[in-house]
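J.: A single structure is presented below for examination.
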Amino acid sequence: MRLVKDKVLSLISLATKAGKTVSGEFMTERETKSGRAALVIVAEDSSENTKKKFQDMCGFYEVPICFYGDKDTLGHAMGKQFRASLAILDEGFADGIQKQLKQKNNTIA
């Protein structure tokens with residue numbers, strides 16, 4: 001179980017180092033609406049409003065979304081302070097993360 005979680009966070013970290021992520025509500029929203037986001041990840045401990053906002057937005061713009069980890073863990077994986085939302089801008093990283101999440105049985109919308 002722990003190994004898969006670490007793989008997801010490792011992929012987020014690698015994508016960040018490669019300059020293929022954005023984080024924070026404003027940037028995640030902008031990249032989703034512009035069509036550049038390949039996957040949106042929202043922390044499970046985000047507010048219900050934040051979750052609903054991104055769920056609706058990703059549904060409308062047909063971007064996969066998943067709810068994973070907590071704000072501190074996501075922020076730490078990106079080398080930043082806590083992050084409630086982030087977007088992966090690279091299809092390869094997005095596919096890798098989705099594959100890991102499916103193995104762990106997390107839901108991807």
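The values are calculated or read from the model by the stated rules, or taken from the named source; none is laboratory data. This one's a predicted model, so the numbers in the text were calculated from it and none came from an experiment. Every residue, glycine among them, receives a Cβ derived from its backbone with ideal geometry; neighbour counts consider all protein chains shown. Ligands, DNA and RNA are excluded from the accessible area calculation, which covers all protein heavy atoms including side chains. Shrake-Rupley method; radii C 1.70, N 1.55, O 1.52, S 1.80 Å.
J.: Is it fair to say LEU9 is over 16 Å from PHE82 (Cβ atoms), among the aliphatic types (A, V, I, L, M) and in contact with a helix residue (DSSP H, G or I) (Cβ under 7 Å, 6 or more places away or on another chain)? Don't jump to the end; show me each part of the working.
T.: Details: over 16 Å from PHE82 (Cβ atoms): no; among the aliphatic types (A, V, I, L, M): yes; in contact with a helix residue (DSSP H, G or I) (Cβ under 7 Å, 6 or more places away or on another chain): yes.
For LEU9, the condition - over 16 Å from PHE82 (Cβ atoms), among the aliphatic types (A, V, I, L, M) and in contact with a helix residue (DSSP H, G or I) (Cβ under 7 Å, 6 or more places away or on another chain) - is not met.
Residue by residue, here is whether (1) assigned to a helix (DSSP H, G or I); (2) of a type outside the set (Gly, Ala, Ser); (3) closer than 19 Å to LYS7 by Cβ; (4) within 12 Å of the chain's Cα centre (by Cα) holds:
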| position | (1), (2), (3), (4) |
| --- | --- |
| VAL22 | no, yes, no, yes |
| ARG30 | yes, yes, no, no |
| LYS33 | yes, yes, no, no |
| ILE41 | no, yes, yes, yes |
| PHE54 | yes, yes, no, yes |
| GLY75 | yes, no, yes, yes |
| ASP95 | yes, yes, yes, yes |
| LYS102 | yes, yes, yes, no |
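Residue-by-condition table, conditions (1) under 14 Å from SER10 (Cα atoms); (2) open to solvent by 60 Å² or more (accessible area, probe 1.4 Å); (3) touching a residue at least 60 places away in the same chain (Cβ under 8 Å):
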residue	(1), (2), (3)
ASP45	no, yes, no
PHE54	no, no, no
PHE60	no, yes, no
VAL63	no, no, no
PHE82	no, yes, no
GLY96	yes, no, yes
LEU101	yes, no, yes
LYS104	no, no, yes
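J.: Filter the range 71-80 for residues that are of a type in the set (D, E, K, R) and surrounded by fewer than 15 Cβ atoms within 10 Å (Cβ to Cβ) and give the result. Lay out the reasoning, then the answer.
T.: Looking only at the range 71-80, we keep the residues that are of a type in the set (D, E, K, R), and these are 71-72, 80.
Listed by number, the residues that qualify are ASP72, LYS80.
J.: Out of the residues in the range 84-93 meeting the condition of being of a type in the set (A, V, I, L, M) and part of a loop (DSSP other than H, G, I, E, B), tell me which one is least open to solvent (accessible area, probe 1.4 Å). It would help to see each step written out before you state the result.
T.: From the range 84-93, those of a type in the set (A, V, I, L, M) are 84, 86-89; that's our starting set.
In the following step, the residues that additionally are part of a loop (DSSP other than H, G, I, E, B) were identified as 84, 89.
Numbers: ALA84: 31, LEU89: 53 Å².
The residue in question is ALA84.
J.: Failed condition for ASP56, given (1) touching a helix residue (DSSP H, G or I) at 6+ places or on another chain (Cβ under 7 Å); (2) more than 21 Å from GLY96 (Cα to Cα), with all others met?
T.: (1)
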